[in-house]
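Student: Questions regarding the structure given below will be posed in turn.
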Amino acid sequence: MKLELSRVVQGCRLGILTGLGKSGQHSLELPGCLLYTRCATVPHLTQDTLHTLRDLPSVTQVSVDSLAEHQEVLEEFKEGVRKFAGLHDTVLFSSLHDSANTSPAGHVTNKTVSVWGSGGRIELTANRFMAIQAAIQPDCYQSMADGETWQANTSRKRVRKAVDRTLAHLDECLVLHQKSQELKQAEIFGVVEGGDIMEERLRSARETAKRPVGGFVLDGFHSAAMDQDVRAQLIRATSAELPPEKPRLVLGIGRPDEVISCAEAGVDLFESFFPFQVTERGCALSFDYTIDPDPETAVLELNGDMAAVKKLNGNGDLNMTPFEMNLKDKRYQDDFRPLVEGCGCYCCKKHMRAYVHHLLVTKELLGGVLLMLHNMAHYLGFFKALREAIASERLQDFKNRVLQCGEGD
């Protein structure tokens, strides 16, 4: 695995990650995202339906919490999750937790961490964690970590203990990694913890960078946990302590405005759970990331009509963001336009808002399928536009366009 940077603009690192996978034939453009899955499947979509989308990420994310209870089956199968789940040719990245789920805190010890599957809590030692990774057979995976310091008012003592535990877990994982036949070609990513305490973040970054890891996972920056300016300041300082030739993946960040902020702070990789969360709310991503709008949109903006359009997207849902519209709302029952004008996804080319509204209110499964197709296409288009804006040195214009969609509702 090799990171090739082409330029850095306002802190954003534009480049490509090459030599991915066991064959070394895969690559991933940066900034970019991993393909989100639950139990190795993109929610609502079959593999064939998924591959109607263009520009899919070459790296698929699976999580230990969704696969731990299947450890014995995977060990008996012997050929890893990629073949077990019938995935197309893809690179696998295995993380500890699914960022779309919240897990109860207070179940970490000096020797164990816990994950929650459908059957409840599963306690993991380093040995069991690595045995599960060996059964998954990923191309890259994060080391075991104590990531429970993102809650507000976590004490300095608790944060320091989390950093110490995470470093100790990494050392254990590295020893077991060397002994594993199934993981001999895999890359291990070290996890940087430290909560919101700058001193601990820097210590975690420096110590992790001393280990023979392929990349870094920045944990504990979840959207609901930290002020965006504080997060950006911590990530920027942390990134300065990490070797520039190795990739940085941040966990728990999905909103477009937060993605841009983290990219400016030096993050290369993101998860893509956000389109799934939007889909589960019965919503469609509708924010504009086009630097040069089409003539019709330009006229609307000139007339001040876009603000009215944005205002219609609100519905009082506290989890809903300004970047989406709630298609379960009654106002869409006779709206015969596509979800987003000009969108090239299957849903927008074939169906209208009124039909998707009907599917959602009647609880038809097809509603989730069509929304997930659109939301993934829109989110991947956002990342492509971000890279193009960096390459053309128009990042500020791009940022202004996206943030305009996120202003108050």
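The values are calculated or read from the model by the stated rules, or taken from the named source; none is laboratory data. If you're wondering where the values come from, they're calculated on a predicted model, not measured in any experiment. Don't worry about glycine lacking a Cβ; one is built from the backbone with ideal geometry, like all the others, and counts go over all protein chains shown. Side chains are part of the model used for accessible areas, which takes the heavy atoms of the whole protein and leaves out ligands, DNA and RNA. Shrake-Rupley method; radii C 1.70, N 1.55, O 1.52, S 1.80 Å.
Student: With label points built 7 Å along Cα→Cβ from the Cα atoms of Asp171 and Arg236, find their separation and express it in nm.
Tutor: 3.4 nm
Student: Compute from the Cα atoms of segment 185-265 the Rg and the Dmax, the latter being the longest Cα-Cα distance, and quote both in angstrom.
Tutor: 12.0, 38
Student: Rounded to the nearest 0.05, what FRET efficiency do Lys111 and Leu403 give with R0 = 35 Å and r taken as the Cβ-Cβ distance? Could you check?
Tutor: On the way: r = 44 Å, r/R0 = 1.27.
After rounding, the FRET efficiency stands at 0.20.
Student: Beyond 15 Å, what share of the Cα-Cα pairs of segment 1-74 remains, rounded to the nearest whole percent?
Tutor: Beyond 15 Å sits 66 percent of the P(r) for segment 1-74.
Student: With every protein chain kept in place and ligands, DNA and RNA left out, what is the accessible area per residue of the chain? Probe 1.4 Å, answer in Å². Could you put the intermediate results ahead of the total?
Tutor: Details: 17830 Å² over 409 residues.
Accessible surface, normalised per residue, equals 44 Å².
Student: How big is the Rg/Rh ratio for segment 1-128, C-alpha atoms only, Rh by Kirkwood, two decimals?
Tutor: 1.01
Student: Through the Karplus equation 6.51 cos²θ - 1.76 cosθ + 1.60, θ set to phi - 60°, convert the phi angles of segment 341-348 into ³J(HN,Hα) values in whole Hz; use x for Gly and Pro.
Tutor: Here the 3J(HN,Hα) series is 4, x, 6, x, 6, 4, 4, 6 Hz.
Student: Something else: Using only the alpha carbons, work out the radius of gyration and Dmax of segment 34-85 in angstrom.
Tutor: Considering segment 34-85 through its Cα atoms, Rg and Dmax are 11.9, 35 Å.
Student: Further, regarding this structure: Applying the Karplus parametrisation 6.51 cos²θ - 1.76 cosθ + 1.60 with θ = phi - 60° to the phi angles of segment 243-260, what ³J(HN,Hα) value in whole Hz is obtained for each residue in order, glycine and proline being reported as x?
Tutor: Here the 3J(HN,Hα) series is x, x, 8, 10, x, 10, 10, 9, 9, x, 10, x, 4, x, 5, 6, 4, 4 Hz.
Student: Taking every pair of alpha-carbon atoms in segment 363-409, give the share separated by more than 15 Å as a whole percent.
Tutor: The calculated P(r) of segment 363-409 puts 58 percent of pairs beyond 15 Å.
Student: Still on this structure: Let's test this: bin the Cα-Cα distances of segment 151-192 at 10 Å from zero up to the farthest pair and state each bin's percent.
Tutor: Reading upward from the zero bin: 26, 39, 22, 13, 1.
Student: Given a Förster radius of 25 Å and the C-beta distance between Lys78 and Glu364 as r, what FRET efficiency does 1/(1 + (r/R0)^6) yield to the nearest 0.05?
Tutor: Rounded to the nearest 0.05, the efficiency is 0.05.
Student: Another one. For the pair Glu388/Gln181, report the inter-label distance in nm, with labels modelled 7 Å from Cα in the Cβ direction.
Tutor: My value for the distance between the label points is 4.9 nm.
Student: Okay, next question. Report the Stokes-Einstein translational diffusion coefficient (µm² s⁻¹, integer) for the chain, Rh taken as the Kirkwood radius over Cα pairs, at 10 °C with viscosity 1.306 mPa s. Mind showing how you got there, number by number?
Tutor: Values: Rh = 21.9 Å.
This corresponds to a translational diffusion coefficient of 72 µm²/s.
Student: Using DSSP, restrict attention to beta bridges with both residues in the chain and report what percent are antiparallel, rounded to the nearest 5. Spell out each step's value before the answer.
Tutor: Details: 21 of 43 bridges.
Counting DSSP beta bridges with both partners in the chain, the antiparallel share is about 50 percent.
Student: In segment 202-267, which trypsin sites (Lys or Arg not before Pro) are in a loop and have at most 12 other Cβ atoms within 10 Å, using DSSP for the loop call? Walk me through the intermediate numbers first.
Tutor: Details: sites: Arg203, Arg206, Lys210, Arg231, Arg236, Arg248; in loops: Lys210.
Passing sites in segment 202-267 are Lys210.
Student: Now for a different question. Show the residues, 5+ positions off or on another chain, whose built amide H is closer than 5 Å to the amide H of Thr60.
Tutor: The answer is Leu35, Val91, Leu92, Phe93.
Student: How many percent of all Cα-Cα pairs in segment 114-231 sit more than 25 Å apart? All intermediate terms of the calculation are to be shown ahead of the outcome.
Tutor: Values: 1755 of 6903 pairs.
That tail contains 25 percent of the Cα-Cα pairs.
Student: Follow-up. Kindly state, to the nearest 0.05, the FRET efficiency for Arg156 paired with Glu245, given R0 = 51 Å and r defined as their beta-carbon distance.
Tutor: Plugging the Cβ-Cβ distance into 1/(1 + (r/R0)^6) gives 0.95.
Student: Also: So how tilted is helix 228-240 from the main axis of the chain? Cα-based, degrees 0 to 90, rounded to 10.
Tutor: Roughly 50 degrees between the two axes.
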